[in-house]
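Scroll down for the structure; my scribbles are underneath it.
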Ligand SMILES: Nc1ncnc2c1ncn2[C@@H]1O[C@H](COP(=O)(O)OP(=O)(O)O)[C@@H](O)[C@H]1O
Ligand code: SF4
Ligand SMILES: [Mg+2]
């Protein structure tokens with residue numbers, strides 16, 4: 001197990017290196033000049049030159065990459081061209097919001113998706129199966145921002161039981177925090193739960209047709225034991241992998257929802273940075289996303305190994 | 001070891017065929033070549049006096065596919081306590097479905113009718129929860145493929161102990177001790193260590209030992225073994241067969257032993273039932289059935305047992321294939337492949353009729 005873990009971590013290092021190279025080079029290919037953006041349309045050439053010098057924009061590419069990487073090694077991702085805050089500061093402000101949102105959404109998605117998937121599988125072809133699949137289709141095909149607007153209209157405007165937008169930090173007021181999170185998290189979670197429900201259903205159906213399920217029934221076990229002890233463990237394997245992927249998607253794909261609910265999250269940070277040619281922020285954010293994805297994959301592999309004894313003890 | 005367990009091939013596997021087939025050859029095969037010995041030598045129901053009290057009394061068992069075709073078609077047999085019944089027939093003739101019907105484990109969509117009286121109660125009429133209480137406790141089953149029949153994500157120990165926890169209300173500690181004890185009995189090497197291992201860490205033979213332990217953990221009155229050795233190496237097969245015979249005698253369990261290989265059955269059972277295309281075509285005490293087979297299909301099956309004295313030559317297998325369940329022949333099911341078939345066979349299906357004491361055959365030409 002330790003070897004497996006070390007191996008996986010060892011593999012992450014070259015991956016992060018490649019990501020950093022790609023992020024850095026793509027950034028240089030983006031049209032537009034950050035110095036121009038900062039100085040404004042009417043700026044004098046002298047001001048632009050000053051800005052270029054200050055942010056080392058005229059250094060050769062390789063030198064700039066070298067400086068960037070050296071900075072990262074010291075926990076320095078540079079300074080936002082726009083707000084003058086350090087990128088690390090910005091990220092540590094925004095990431096918790098998105099992380100909380102994505103985690104809540106994932107909890108909703110897993111709870112709902114897995115239980116609906118199991119119900120659909122065991123009542124295959126029956127009314128319960130039909131209802132579950134309809135809900136999944138609805139969740140998958142309904143655009144999140146649209147559902148978000150409907151939610152706001154219903155819960156915030158009409159019934160006034162939840163705040164329409166805004167964000168209260170968890171540390172400030174946990175209850176208000178939850179109230180501000182529940183709508184965006186549900187909107188995000190519903191879409192993901194559809195995908196998870198479908199995968200759970202098909203994995204469960206596949207597993208239920210296995211010989212060992214018949215063996216379990218031959219022991220006289222109740223259907224509940226057969227499903228939760230014997231089948232679900234095996235059906236969980238593909239769902240774990242999917243869950244990690246979906247969680248990564250949630251972390252990086254909350255932009256629209258964050259916009260609809262005015263959440264000061266990571267997605268909004270990245271989009272603003274791209275529009276403002278705020279190189280340092282974009283680079284830092286993408287690198288951060290890549291690392292999170294890799295960690296999620298690692299976590300999924302560990303969870304997979306925990307459920308699947310064939311991968312253990314290697 | 002008897003000659004016919006030396007080499008196990010599918011009964012209908014083709015070797016070099018002699019040019020001549022048909023009546024003369026089929027009869028030639030009977031000539032005292034097979035010498036069965038009764039597995040436990042116990043008296044069968046037919047030999048005992050007074051009204052027999054059966055452990056299992058199956059009457060007119062029918063399994064119908066979701067498409068409405070008969071897959072098991074009116075099978076009846078009985079089983080005494082401690083007795084071993086062999087069910088033979090080529091692949092696809094309904095052996096597994098018969099046993100699954102007894103266990104109440106038929107695939108979804110299939111329907112079952114008839115009567116399965118086990119320890120005095122009709123399993124087909126009992127509430128599902130009551131059948132679940134019996135399953136794994138009073139009647140248990142070993143499946144053909146030990147590679148796929150064990151749950152890959154649970155330890156083998158847990159999978160055995162589970163039965164005790166379910167049916168005997170044992171706590172984990174006691175269930176563990178008793179499971180390890182049984183693992184020793186099924187001669188699993190390093191039983192204590194193996195208890196905590198997963199199926200993928202065990203060989204096929206060891207897994208089948210685990211399956212056997214799993215089935216016997218509650219000391220069932222009836223054990224159904226569906227081709228328990230077919231998926232195993234030849235060397236392991238004989239060990240597993242011996243083990244099964246030994247354990248069932250120990251526990252006093254009755255056994256239904258299913259095989260496509262008449263040779264394997266001859267060694268291990270008190271009585272033999274021959275299935276063909278979902279029907280019981282012959283049934284009787286092992287000795288009587290092997291010495292005087294009455295149904296042409298049984299004779300054909302014997303013809304496919306490899307001969308020890310002429311190693312290079314195989315006796316003819318039965319030509320042709322099983323009829324489709326969706327399109328059975330109107331008369332005798334075996335008629336399209338039968339060298340003895342006459343006009344009556346094409347029109348009317350023969351019923352089982354007694355040919356000698358306790359020996360029944362369904363053939364217009366029987367007794368031969
Ligand atoms: N799950 C199933 N669905 C439909 N038909 C089946 C199924 N299982 C078995 N059958 C059919 O039932 C017949 C008997 O099968 P089975 O009892 O498995 O034969 P055996 O065990 O003697 O090889 C075969 O013709 C097979 O095609
Ligand atoms: S009834 Fe006729 S066709 Fe059927 S097995 Fe007997 S002789 Fe052959
Ligand atoms: Mg079978």
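Going by the structure shown, is residue A:163 assigned by TED's automatic domain parsing to the domain that holds residue A:260, closer than 21 Å to residue A:266 by Cβ and surrounded by fewer than 15 Cβ atoms within 10 Å (Cβ to Cβ)?
no
Looking only at the range B:79-99, which residues are near ligand 3 (Cβ under 9 Å from one of its atoms) and either within 13 Å of another protein chain (Cβ to nearest Cβ) or under 11 Å from residue B:256 (Cβ atoms) (or both)?
Passing the criteria: B:95, B:96, B:97, B:99.
Test residue A:135 against the criterion of being touching a residue at least 40 places away in the same chain (Cβ under 8 Å), touching a helix residue (DSSP H, G or I) at 6+ places or on another chain (Cβ under 7 Å) and either part of a helix (DSSP H, G or I) or farther than 28 Å from residue A:180 by Cα (or both), and give yes or no.
Yes.
Here's the yes/no breakdown for (1) within 14 Å of chain B (Cβ to nearest Cβ); (2) in contact with a helix residue (DSSP H, G or I) (Cβ under 8 Å, 6 or more places away or on another chain); (3) surrounded by fewer than 19 Cβ atoms within 10 Å (Cβ to Cβ):
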site	(1), (2), (3)
A:227	yes, yes, no
A:230	yes, yes, no
A:235	yes, yes, no
A:241	no, yes, yes
A:261	no, yes, no
A:307	yes, yes, yes
A:311	yes, yes, yes
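State yes or no: is residue B:178 touching a strand residue (DSSP E or B) at 6+ places or on another chain (Cβ under 9 Å) and either within 25 Å of residue B:241 (Cα to Cα) or within 9 Å of chain A (Cβ to nearest Cβ) (or both)?
No: the conditions fail for residue B:178.
How many residues, within the range A:58-82, are outside any helix (DSSP H, G or I) and free of Cβ contacts under 8 Å to residues at least 12 places away in the same chain?
Summing the residues that are outside any helix (DSSP H, G or I) and free of Cβ contacts under 8 Å to residues at least 12 places away in the same chain in the range A:58-82 gives 4.
State which residue is nearest to residue A:276 (Cα to Cα) when the search covers only the range A:40-57 and only residues that are out of contact with any helix residue (DSSP H, G or I) (no Cβ under 8 Å at 6 or more places or on another chain) and assigned to a loop (DSSP other than H, G, I, E, B).
Among those residues, the one meeting the criterion is A:40.
Answer yes or no as to whether residue B:188 is in contact with a strand residue (DSSP E or B) (Cβ under 8 Å, 6 or more places away or on another chain) and either facing chain A (nearest Cβ under 8 Å) or modelled with pLDDT under 95 (or both).
no
Determine whether residue A:25 is free of Cβ contacts under 8 Å to residues at least 60 places away in the same chain and not assigned by TED's automatic domain parsing to the domain that holds residue A:254. Steps first, please.
Numbers: free of Cβ contacts under 8 Å to residues at least 60 places away in the same chain: yes; not assigned by TED's automatic domain parsing to the domain that holds residue A:254: yes.
Here the answer is yes, as residue A:25 does meet what is asked.
Can you name every residue in the range B:49-70 that is surrounded by fewer than 21 Cβ atoms within 10 Å (Cβ to Cβ), within 9 Å of ligand 1 (Cβ to nearest atom) and more than 14 Å from every other protein chain (Cβ to nearest Cβ)?
Within the range B:49-70, B:65, B:67, B:69 qualify.
Report whether or not residue A:216 is modelled with pLDDT of 90 or more, closer than 30 Å to residue A:305 by Cβ and touching a helix residue (DSSP H, G or I) at 6+ places or on another chain (Cβ under 6 Å).
Considered against the rule, which asks whether it is modelled with pLDDT of 90 or more, closer than 30 Å to residue A:305 by Cβ and touching a helix residue (DSSP H, G or I) at 6+ places or on another chain (Cβ under 6 Å), residue A:216 comes out as yes.
Just give me the residues in the range B:127-154 being part of a loop (DSSP other than H, G, I, E, B) and facing chain A (nearest Cβ under 8 Å), in sequence order.
Our first condition is that a residue be part of a loop (DSSP other than H, G, I, E, B); within the range B:127-154, this holds for B:127, B:136-138, B:143-154.
Within the range B:127-154, B:136, B:137, B:143, B:145, B:148, B:149, B:150, B:151, B:152, B:153, B:154 meet the criteria.
Taking the range B:205-219 on its own, how many of its residues are part of a helix (DSSP H, G or I) and either within 14 Å of chain A (Cβ to nearest Cβ) or free of Cβ contacts under 8 Å to residues at least 12 places away in the same chain (or both)?
9
Considering every residue within the range A:130-140, establish whether at least one is under 24 Å from residue A:271 (Cβ atoms), at pLDDT below 90 and either surrounded by 14 or more Cβ atoms within 10 Å (Cβ to Cβ) or touching a strand residue (DSSP E or B) at 6+ places or on another chain (Cβ under 6 Å) (or both).
yes
State which residue is surrounded by the most Cβ atoms within 10 Å (Cβ to Cβ) when the search covers only the range B:76-108 and only residues that are on the phi > 0 side of the Ramachandran plot and within 7 Å of ligand 1 (Cβ to nearest atom).
B:89
Can you spot a residue in the range B:110-118 that is without any contact (Cβ under 8 Å) to a residue 24 or more places away in the chain and surrounded by 14 or more Cβ atoms within 10 Å (Cβ to Cβ)?
no
Exactly one condition in (1) more than 16 Å from ligand 3 (Cβ to nearest atom); (2) away from chain A (no Cβ under 14 Å); (3) modelled with pLDDT of 95 or more is false for residue B:121; which is it?
(3)
Only one of these is in a helix (DSSP H, G or I) and over 20 Å from the mean Cα position of the chain (by Cα): A:168, A:157, A:192. Name it.
Matching residue, one of A:168, A:157, A:192: A:157.
Give the residue, chosen from A:187, A:207, A:168, that is surrounded by 15 or more Cβ atoms within 10 Å (Cβ to Cβ), within 20 Å of residue A:243 (Cα to Cα) and without any contact (Cβ under 8 Å) to a residue 40 or more places away in the chain.
A:207
The values are calculated or read from the model by the stated rules, or taken from the named source; none is laboratory data. Keep in mind it's a predicted model, so treat the numbers as computed, not measured. Please note: Cβ atoms are built from the backbone with ideal geometry, for glycine as well, and neighbour counts cover all protein chains shown.
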